[in-house]
Structures are given as C-alpha cells and as structure tokens.
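A short worksheet on the structure shown next.
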Amino acid sequence: MKASDSRILTTHTGSLPRPEELVAMLADVARGEPVDEANLNEAAREATTTVVAAQLDAGVDVINNGEQSRVSFSTYVTQRMSGFGGAWTRRGHRDQNEFPSVARARVVQLMRDVPTCIGPLSYERLDLVERECRQLLEAVDAAGSRPEDLFMTAASPGIVALTLANRYYDSHEDYVFTLAEELRKEYEIIIANGLTLQLDCPDLAMERHVSYQDEPLSSFRDLVALHIGAINHALTNIPRDQVRLHVCWGNSEGPHIYDVPLEDILDLIYEANVGALVMEMANPRHGHEHRVYHDRPLPDGMLLVAGVIDTKTNYVEHPRLVADRLHQAVAAAGGDPTRVLAGTDCGFDTSAGSNRVDAGVVWLKLRAMRQGADIASSELS
C-alpha cells in the first residue's frame with residue numbers, strides 16, 4: 001500500500017457514478033431478471049475504462065474501477081455466491097424513520113427487498129472476481145498514465161451478514177464466520193492480482209442505528225468485536241500492509257443524530273489486522289472527530305485515509321478547506337504527513353443509480369481534493 005512519501009496522495013472510497021445504460025442492466029440483475037452476461041460484461045468493461053481515465057484526469061493517485069460491474073457495494077455477493085434466496089426488508093435507519101421526508105428519493109430499488117441466506121454458502125463465481133480485476137488492470141494499461149497505486153473494494157463479512165439476513169445457520173456467529181471463510185477467496189484473488197484490498201465495513205458503525213438501534217452500546221460493541229474477529233480470520237493469509245478498512249455511518253443524507261461516536265468504537269477498530277483506516281472526517285456530523293485520534297493514537301505503522309470530501313452534497317469543497325482538513329488529519333496522525341492520504345467520506349454511487357451528487361460534480365470534487373492536497377503538501381513539507 002502506497003504511503004504519501006513526497007506529497008499527500010489522493011484516493012476515494014470506491015464507488016463512482018455508472019452510466020445509465022449500465023444502471024438499468026444492474027437493476028435487472030438485482031430483480032433476478034434475465035440479463036445477457038456478455039452484454040453486461042462489455043458495458044462494465046467500457047464503464048471501467050471510462051472511469052479509470054476520469055480518475056487520472058482528476059488527479060486521483062490511488063484509483064479503482066469505481067465498482068462499475070456491481071449491483072451495490074455489498075449485495076453483489078449474491079451474484080457470486082450460492083446459498084442466497086427469497087427476500088426480506090431490512091430495517092431502516094433510526095433517524096430516517098423519525099424524519100422520513102429528509103431521505104432522498106432518487107434510489108433505484110436495489111436494496112429495499114434483498115435476499116436472505118437460505119442454504120450453505122459457497123463462493124462459486126470466482127471467475128467474476130478475476131474478470132473484475134482484469135478489467136481494471138486493462139483499463140489502466142489503456143489509459144497511458146500510471147496511478148500511484150490501485151485498490152479493489154470488497155464487502156466485509158459483517159455487512160453481508162447483516163444486509164442479507166440469516167435464515168439457515170444456527171447463530172449469527174456461525175453465519176459471519178462462514179462468510180469470512182468464503183469471502184477470503186475473493187480477498188486473496190484481489191491481492192494476487194497486485195491490488196490493495198479495501199474492506200467496506202459500515203457494520204462497524206452504521207449498524208448502531210440500524211440493526212442495533214434498540215440495544216445498549218455494550219451489545220453493539222460485542223457485535224463489532226465479533227465482526228473484527230471475522231475480518232481477521234478472512235485476512236489470515238494477507239499481510240496487513242496490503243489492506244485498508246473503510247468504516248462508515250451510512251452514506252445517507254439525514255440528521256445522523258443517532259450515529260455512534262467514534263470514541264465508543266475506535267479501540268475495537270484498531271484490532272483489525274489492516275494497514276490503513278478509511279474514515280469519514282468531512283461531513284457535518286463527523287468532521288470534528290479528528291480530535292479523537294489525539295487521545296487514541298493510530299497504532300504504529302497504520303495509515304489514515306482521511307475523508308476530506310463529503311459525498312452527500314453537491315457543494316464542491318474549496319481547495320483551501322481540503323487543505324485545512326488535511327492539516328487536521330496530519331495532526332491526528334501524530335504530525336506525520338506520510339501517514340495520511342486524502343479521501344472521500346464514502347462512495348458516490350454505493351448502489352447502482354443511488355448517487356446523490358451529480359456525476360459531473362463528482363469529478364469537480366475529486367479535482368478540488370487534488371488541489372487541496374497540493375496546498376497541504378507544500379505547507380507541510
């Protein structure tokens with residue numbers, strides 16, 4: 001995993017806007033309707049080529065495929081693993097339940113009714129993992145400009161377990177560790193292709209106001225500890241410096257008044273065998289939490305990918321603001337700018353077609369991030 005040795009590097013959290021034609025095809029996939037796999041593959045390949053070039057043009061240093069071929073950041077596993085079927089309606093966020101008119105309506109119906117686990121799990125379409133990695137590598141070759149590093153996202157065992165309800169295994173622990181064992185195969189293929197692995201883990205924060213909104217904090221901390229254990233099990237064969245972990249309170253526009261404070265979970269997150277944390281640090285609810293790291297310092301050798309861009313608003317951050325946020329992140333990382341990368345709070349299109357930010361504005365935001373990182377790099381050198 002590339003560190004910010006000579007200047008602060010820029011990256012993002014994973015998902016980027018998809019073309020409407022591809023969104024329509026992925027909606028059919030999510031509904032279980034027939035889709036020509038060759039046509040879907042070609043559309044995803046073209047979209048990946050486009051999004052790679054756009055990232056490089058915006059000055060992003062550490063790039064990915066924008067999750068172009070996936071239905072969503074987590075439910076994509078149902079197209080690759082057997083054992084899922086039926087449907088259930090996932091519980092809503094506590095703040096959105098109280099203020100339903102606040103939630104934005106433009107979301108393709110991909111995650112309202114999602115499958116459940118109804119049988120033994122088996123990761124049978126590992127060829128789709130290989131294809132996704134190959135498409136990214138080929139798109140980079142075609143771009144004619146080399147990024148500093150490449151990453152590929154993957155869902156954590158915990159977020160899959162809580163999104164796709166268990167109707168088969170005897171306990172949640174059995175379910176999440178079985179998922180860890182199967183998802184390990186995906187993780188190891190990503191690493192074998194020379195890519196940094198990013199694990200998407202909103203379960204480590206968001207589930208406090210979703211599945212665990214009626215439970216005491218101690219019960220939620222027990223869940224986080226269990227899910228960190230499952231992550232570490234899945235990463236047994238992977239060096240920690242090849243993995244970064246994204247923690248999220250939910251990429252939704254709303255009050256977020258029930259978000260668990262970072263200080264209540266950070267000690268547990270530090271137990272993950274990863275080399276970097278990808279954290280929300282820009283939005284109005286969590287922009288102050290750079291202060292938490294002063295009392296609970298990053299473990300030795302761990303990098304911080306600091307969210308300096310909000311993914312839920314069409315405001316384009318001023319480069320000076322980005323630079324100021326990076327100054328705060330560097331202070332949080334013990335004053336060492338080589339331990340900080342500039343990033344986004346979350347993905348821009350976590351479920352295909354759910355983007356809240358206009359596609360054109362996304363690239364303006366990423367360009368502003370690059371400009372702000374340049375300012376901060378100059379000031380901190």
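The values are calculated or read from the model by the stated rules, or taken from the named source; none is laboratory data. In this text the structure is predicted, and so the values were computed from the model without any measurement. Virtual Cβ from ideal backbone geometry, glycine too; neighbours counted across all protein chains shown.
Per-structure values
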{"item": "Failed item in (1) touching a residue at least 60 places away in the same chain (Cβ under 8 Å); (2) surrounded by 13 or more Cβ atoms within 10 Å (Cβ to Cβ); (3) over 30 Å from PRO255 (Cα atoms); (4) not hydroxyl-bearing (Ser, Thr, Tyr), with ALA142 passing the rest", "result": "(2)"}
{"item": "Which listed residue, of GLU271, GLU280, is of a type in the set (D, E, K, R) and more than 15 Å from the chain's Cα centre (by Cα)", "result": "GLU271"}
{"item": "Counted residues, region 334-363 - those being within 19 Å of MET281 (Cα to Cα), touching a residue at least 24 places away in the same chain (Cβ under 8 Å) and of a type outside the set (D, E, K, R)", "result": "14"}
{"item": "Residues satisfying the stated conditions in region 220-257, i.e. modelled with pLDDT under 95 and in contact with a Ser or Thr (Cβ under 7 Å, 6 or more places away or on another chain)", "result": "ASN251"}
{"item": "Residues of region 316-327 satisfying the condition of being closer than 18 Å to VAL292 by Cβ and buried (at least 19 other Cβ atoms within 10 Å of the Cβ)", "result": "ARG325, LEU326"}
{"item": "Close pairs from region 370-381: first under 10 Å from THR10 (Cα atoms) and free of Cβ contacts under 8 Å to residues at least 12 places away in the same chain, partner charged (D, E, K, R) and surrounded by fewer than 18 Cβ atoms within 10 Å (Cβ to Cβ), Cβ under 7 Å, at least 6 apart", "result": "none"}
{"item": "Every residue from region 336-356 that is more than 23 Å from ASP28 (Cα to Cα) and in a loop (DSSP other than H, G, I, E, B)", "result": "ASP336, ASP345, CYS346"}
{"item": "Positions within region 164-174 being outside any helix (DSSP H, G or I) and either of a type outside the set (D, E, K, R) or crowded, with 21+ Cβ neighbours inside 10 Å (or both), in sequence order", "result": "LEU164, ALA165, ASN166, TYR168, TYR169, SER171"}
{"item": "Which numbered condition ALA306 fails, given (1) under 27 Å from THR236 (Cα atoms); (2) in contact with a Phe, Trp or Tyr (Cβ under 9 Å, 6 or more places away or on another chain)", "result": "(2)"}
{"item": "Extreme residue, farthest from ASP264 (Cα to Cα), among residues of region 204-237 that are in a loop (DSSP other than H, G, I, E, B) and in contact with a strand residue (DSSP E or B) (Cβ under 7 Å, 6 or more places away or on another chain)", "result": "LEU235"}
{"item": "Inter-residue pairs, beta-carbon under 8 Å, first small (Gly, Ala, Ser) and in region 207-235, second not in a helix (DSSP H, G or I), 6+ apart", "result": "SER211/ARG91; SER219/TYR212; ALA225/GLU271; ALA230/SER156"}
{"item": "All positions within region 175-205 that are crowded, with 24+ Cβ neighbours inside 10 Å and polar (S, T, N, Q)", "result": "GLN198"}
{"item": "Region 210-219, residues that are modelled with pLDDT of 95 or more and either within 17 Å of HIS286 (Cβ to Cβ) or among the small types (Gly, Ala, Ser) (or both)", "result": "SER218, SER219"}
{"item": "Selection from region 1-33 of residues that are under 17 Å from THR350 (Cα atoms), of a type in the set (Gly, Ala, Ser) and without any contact (Cβ under 8 Å) to a residue 60 or more places away in the chain", "result": "ALA24"}
{"item": "Residue in region 34-52 that is in contact with a helix residue (DSSP H, G or I) (Cβ under 6 Å, 6 or more places away or on another chain) and free of Cβ contacts under 8 Å to residues at least 12 places away in the same chain present", "result": "yes"}
{"item": "Candidate set from region 335-381 (those that are among the acidic types (Asp, Glu) and within 21 Å of the chain's Cα centre (by Cα)); member that is surrounded by the fewest Cβ atoms within 10 Å (Cβ to Cβ)", "result": "ASP358"}
{"item": "Filtered residue count, region 63-95, keeping only those that are surrounded by fewer than 24 Cβ atoms within 10 Å (Cβ to Cβ), under 21 Å from the mean Cα position of the chain (by Cα) and part of a strand (DSSP E or B)", "result": "1"}
